[in-house]
Structure formats: C-alpha cells, structure tokens
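Asks: Pasting in a structure now, in structure tokens, and then I'll have a few things to ask.
The values are calculated or read from the model by the stated rules, or taken from the named source; none is laboratory data. From a predicted model like this one, the values you see are computed outputs, not experimental measurements. Backbone-built Cβ (ideal geometry, glycine too); neighbour counts: all protein chains shown.
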C-alpha cells in the first residue's frame, strides 16, 4: 500500500505532467483546540456575517437563527456584488439568487433562480419550515416568496446594471480567482463567481449551515451552481461536522464536494485533511481543465476544529471562537499560482 508521501509524489508527477506543479503552502493556524470555533464563513466579508450570527446566538437564537442572521448581512450589503441585493445579473440582465440552509437533523430548505427578493436564505428557511419540499426554483420560488410575505425588491442596482452594460460590449466571461479579495476590487468584483458559506456550532456540538449567492456574474439565465445543492455547496451531519464550498461551482458539483469533505471527517480525517483530499481529487480528476480556477472548502467538526484548503492561493475565511474573537485566515493551497 502506498504511503501518504508516495501518494503526494505521485499526484505531483501527474499534475506537473499536465503543466501544473504542486507547491506545498501553509496558512496561519486555526483556533487552538481549547478555543473552539462557534462560527466560520467564507471570505473576508464573512467576519461581519459571523459577528451578526454569534450575536443572534447570544441573544438566545437557535443555530438556524444564527446562520440566517449571518447570511442576511452579506445579502443586504450593496457593496458585495456576489450575494443578494446588488448581485451582478445574468447575461439577460436579471439578478437571480440561490441559497440553502440546513441543520444536523436533516432539516433542509433551498431556493434557486429566485428573483426580486433580497434574503434568499430566509426564503430557503421558509421552504424548509412551510413546505413538504427541499428546493423550489425559478418562478415557483419567487411566487412562494410573495406568498410568504417577502417584499418585492429590485435587486439590480445602478452599479450592477452599469457593470452588466459594460460586459455586454464584449459578452465574454473569464472568471478570475479570488477577485473579491484583491485590493483593486470591491468584494464580489465584476468577474466574481462567489458566495458566502456559513457553519455554526453550539457548545453541545450541534451544527447548522447555510450558503447564499447571486452566482456567476453574467451567467446564462437558469444556471445554478453548487451553492443551493445539499451535498455540493453545503453539508452538515450530526456527530461529525459540516462543510461548505466556494469558487467555481461547476467543479464542486462534479464531486459532491461538501458531502465528500464530511465523509472524510466521518472516516477520521481532520477538517483540514478532509478539505485537502477533496481539492486534490478535483485536481486529479480535472487536470488542465481547472488551471487558473479557484475551488476551496471550509469545514468545522463538532469539537470546533476548523480546516480550509483550496486550489489556488487567496481563499480566506473568517473564524469566530467561543470567546467571541473573530479572525480572518488564509487557507492553504495546492498550487502556488
């Protein structure tokens, strides 16, 4: 049987043959085991989301309440063009939102291609709590939102519309990895293809999670990525932990990424090792097809241990500990660039 070191060498040979070389990278360490995480979320803007979620927990809210509160912060931010209000539209000029919410008891709700509604994560929760279904899509999801009293909101802000009209001049789309964290770009920049994924844990080790996104900027109308799909963009399992994904959703869907990460933890991998295994699997499976593409995973187990790993440098995530401290950390990556 191959050792872990020999498997790494074999993978390095395989990927180098495809024109990509592995450069092992290390990130700042996550929370010390005695300072377990309560909430984690993707990207720098996850810090503000975490603070809102933890505040909801401290006010007596449930884990689902905390996840929803965190997601709503990102959804309502007019400067974040990758989630909710002011999200960049599809190539037809329509802003469509995807979201999912889930707890470790299997309660799940999701929406895809939702329109004219700011808080997709709240509509997803309403699907979970008020229908016999797991997911509603398109016109049906929007109609359901109206029936539940969610107000009609024009999500296409002047800034987003201007970006779309500028894109129409060439109508080309080339996703740029990590553009949301570049100094010259606002979070969710014009070529962003991202989301916010959230995981929350209580002192008893119970967990919940959520994802919410406006999806790829200038995507084909009707495109749905990994974010609202249970097992791809998000998965939570009682007694084990949870995982969420970020980056190019099509690559996450191909491997049911979040479920794969949780399965790794179920079989004894740490959150970090489970995320790394999923990323390496994508690289092995797809080879040159993922050159220059970002995919990252973020995981937390029931003990509050956190791990993250990605294809390319630049993926960041926010960790809030049980003591209330919030830090933004940089994930380790498989490739140097």
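Asks: Looking only at the stretch 101-112, which residues are touching a strand residue (DSSP E or B) at 6+ places or on another chain (Cβ under 6 Å) and at positive phi? Give the steps one after another, and end with the answer.
Replies: Taking the stretch 101-112 and keeping what is touching a strand residue (DSSP E or B) at 6+ places or on another chain (Cβ under 6 Å), we get 101-104, 108-112.
None - no residue of the stretch 101-112 is touching a strand residue (DSSP E or B) at 6+ places or on another chain (Cβ under 6 Å) and at positive phi, so the list stays empty.
Asks: Same structure, new question: Do we find a residue being surrounded by fewer than 18 Cβ atoms within 10 Å (Cβ to Cβ), modelled with pLDDT of 50 or more and either touching a strand residue (DSSP E or B) at 6+ places or on another chain (Cβ under 9 Å) or assigned to a helix (DSSP H, G or I) (or both) anywhere in the stretch 56-63?
Replies: Going through the stretch 56-63, the residues surrounded by fewer than 18 Cβ atoms within 10 Å (Cβ to Cβ) turn out to be 58-62.
Within this subset, residues satisfying the condition of being modelled with pLDDT of 50 or more are 58-62.
Keeping just the survivors that are either touching a strand residue (DSSP E or B) at 6+ places or on another chain (Cβ under 9 Å) or assigned to a helix (DSSP H, G or I) (or both) gives 58, 62.
So far as the stretch 56-63 goes, yes, one or more of its residues are surrounded by fewer than 18 Cβ atoms within 10 Å (Cβ to Cβ), modelled with pLDDT of 50 or more and either touching a strand residue (DSSP E or B) at 6+ places or on another chain (Cβ under 9 Å) or assigned to a helix (DSSP H, G or I) (or both).
Asks: Quick one: which helices (runs of 4 or more DSSP H) sit completely within the stretch 241-329 and have at least 3 residues that are more than 15 Å from the chain's Cα centre (by Cα), free of Cβ contacts under 8 Å to residues at least 40 places away in the same chain and surrounded by 17 or more Cβ atoms within 10 Å (Cβ to Cβ)? Write out each step before concluding.
Replies: Details: elements: 249-254, 257-266, 271-286.
Qualifying helices (runs of 4 or more DSSP H): 257-266, 271-286.
Asks: Moving to a separate point now. I'd like to check something: does the stretch 77-85 contain any residue that is modelled with pLDDT of 95 or more and touching a helix residue (DSSP H, G or I) at 6+ places or on another chain (Cβ under 8 Å)? Spell out how you get there, then give the answer.
Replies: So in the stretch 77-85, the residues modelled with pLDDT of 95 or more come out as none.
The answer is no; no qualifying residue exists.
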